[in-house]
């Protein structure tokens, strides 16, 4: 026989749990209300932007980020919001949030491709990859920059290269070019270091591919002579005398003082294979 009414009884701990949950809910609702009031406090976009800019100029990165986010939430469109996105990217960059800086820069470039300051977004994207990921290693352990993963360095090189190609007259292009020189030299060194590893393992096709990639991608690097040397050795070992000869001709023409051309105790054999020595 079933009872005609049900009486729910909770132990004391359950009642306390329910009270705690209700209190938490009230606090959450109150917090959300306060946050909404903070964002929608009636201030115009110009005033909200000015406040965020003061935080930025004062290098208070966390408050600047919060202020720019509030501005973008309340005013998703308009000239203040456009400029705020650029400055938010910088605040993320300086505040040690590289992923957020890159994402914000990319979003700005996609949303405002014709903005008069879009070149700054490209520059910030390259600078973030360079300083937050490459520059730190350069400052702390300069000798280890070439030995670490080069993904961020390649991204930075591509970012700066795109900036220079799209905006050759940009005020940020000279600095980008200088940074590209450093990146180019280290990236080419890394590629040839890998190529030498393949040579030691007698993987001549892989060694030649790495050397050729360095020549094509990083022209002007101090490592170009070494890349031609690796090409000559690889092609010789692969039984491709015509390609080996072409590599040696280019090496002699452009780097006549290279040790591989002048010959030494370790490379004398390959020098004897090449009849065009120094005059």
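Computed quantities for the displayed model
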| read-out | value |
| --- | --- |
| Extension gain, residue 206 back to residue 181 (0.36 nm per residue minus Cα-Cα distance, nm) | 6.4 nm |
| 37 °C / 0.692 mPa s Stokes-Einstein diffusion coefficient of the range 175-260, Kirkwood radius on C-alpha pairs, µm²/s | 254 |
| Using alpha carbons only: equivalent-ellipsoid semi-axes of the range 46-95, gyration tensor based, whole Å | 16, 10, 8 |
| Sorted peptide list for 165-174, 220-229, criterion being average Cβ within 10 angstrom, highest first | 220-229, 165-174 |
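Since every read-out is calculated from the coordinates, none of them should be taken as a lab result. Small disclaimer: the values here were computed from a predicted structure and weren't measured. Cβ: placed from backbone, ideal geometry, glycine included. Neighbour counts: every protein chain shown.
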